[in-house]
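Worksheet: the structure to be examined is printed underneath.
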Amino acid sequence: MSRIGKRPIPVPSGVVITPETDGTVTVKGPKGTLVRRFSPDMTYAIENGTLTVSRPSEDKTHRSLHGLTRTLVSNMVEGVTNGYTKQLEIIGVGFRATMVGKTLQLNVGYSHSIEVMPRDGIDFAVAPDPQSRNPIVTITGIDKERVGQTAAEIRKLRKPEPYKGKGIRYRGEAVRRKQGKASGKGGKGKK
């Protein structure tokens, strides 16, 4: 058995999981509803407030799908109960982030501002960091994949550069810094 796949998923009170015969799993909770389609070969058993995922055979594809299915269903349960959050830090002189309605507006060193529309189920919030006063963009939602993808797309707009560290980075991300160009002294000088 897969070590991850055989672990039971605790189902909190207020969460309803309904697996269908075609592989579709619906998870309803206090924060919303998530629906995802998995391999129809996997079977689900709900007993004593826990959900277990099992596979039909020891075939390689079934073994690989077993742990993946269990993890994705667990992420769905976590999303409808607590939700997911990613934070991005914007570092640079004149770099700003503001909210215009539900749209995130970024000024990150280009000649124009960039507007990012939220996907379905995604919310943005902007607040200054109390220590450094850099803007912090908070991305929240119930779908872990959507929250992570949105954060990655925003970070891609201006990746942190290695010389001064300016750009958009995940909160707490360490950026490897490079030394700048050496001064004109030394080496082959002009005669």
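The values are calculated or read from the model by the stated rules, or taken from the named source; none is laboratory data. Not measured: the values here are computed from a predicted model. When we count neighbours, we look across all protein chains shown, and the Cβ atoms used for this are built from the backbone with ideal geometry, even at glycine.
Below is a table of values for the structure above.
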read-out: The one condition in (1) outside the structural domain of E145 (by TED's automatic domain parsing); (2) within 17 Å of E145 (Cα to Cα); (3) part of a strand (DSSP E or B); (4) not polar (S, T, N, Q) that L68 fails to fulfil; value: (3)
read-out: Options V80, V35; residue that is among the hydrophobic types (A, V, I, L, M, F, W, C), within 20 Å of K144 (Cα to Cα) and part of a helix (DSSP H, G or I); value: V80
read-out: Neighbours by Cβ (under 6 Å, 6+ apart or cross-chain): first from segment 8-30, assigned by TED's automatic domain parsing to the domain that holds N48; second hydrophobic (A, V, I, L, M, F, W, C) and exposed (fewer than 15 other Cβ atoms within 10 Å of the Cβ); value: T26/V35; K28/V16
read-out: Residue satisfying all of: in segment 84-99; within 21 Å of R146 (Cα to Cα) and among the charged types (D, E, K, R); farthest from the chain's Cα centre (by Cα) among these; value: E89
read-out: Within segment 58-83, tally of residues that are closer than 14 Å to R3 by Cα and either under 14 Å from the mean Cα position of the chain (by Cα) or buried (at least 19 other Cβ atoms within 10 Å of the Cβ) (or both); value: 4
read-out: Segment 84-108, residues that are in a loop (DSSP other than H, G, I, E, B), surrounded by 13 or more Cβ atoms within 10 Å (Cβ to Cβ) and among the small types (G, A, S); value: G92
read-out: Residues within segment 109-141 that are among the hydrophobic types (A, V, I, L, M, F, W, C) and not in a strand (DSSP E or B), tallied; value: 1
read-out: Looking only at segment 133-167, and only at residues there that are polar (S, T, N, Q) and either surrounded by fewer than 20 Cβ atoms within 10 Å (Cβ to Cβ) or in contact with a Gly (Cβ under 6 Å, 6 or more places away or on another chain) (or both), the one that is nearest to V80 (Cα to Cα); value: T140
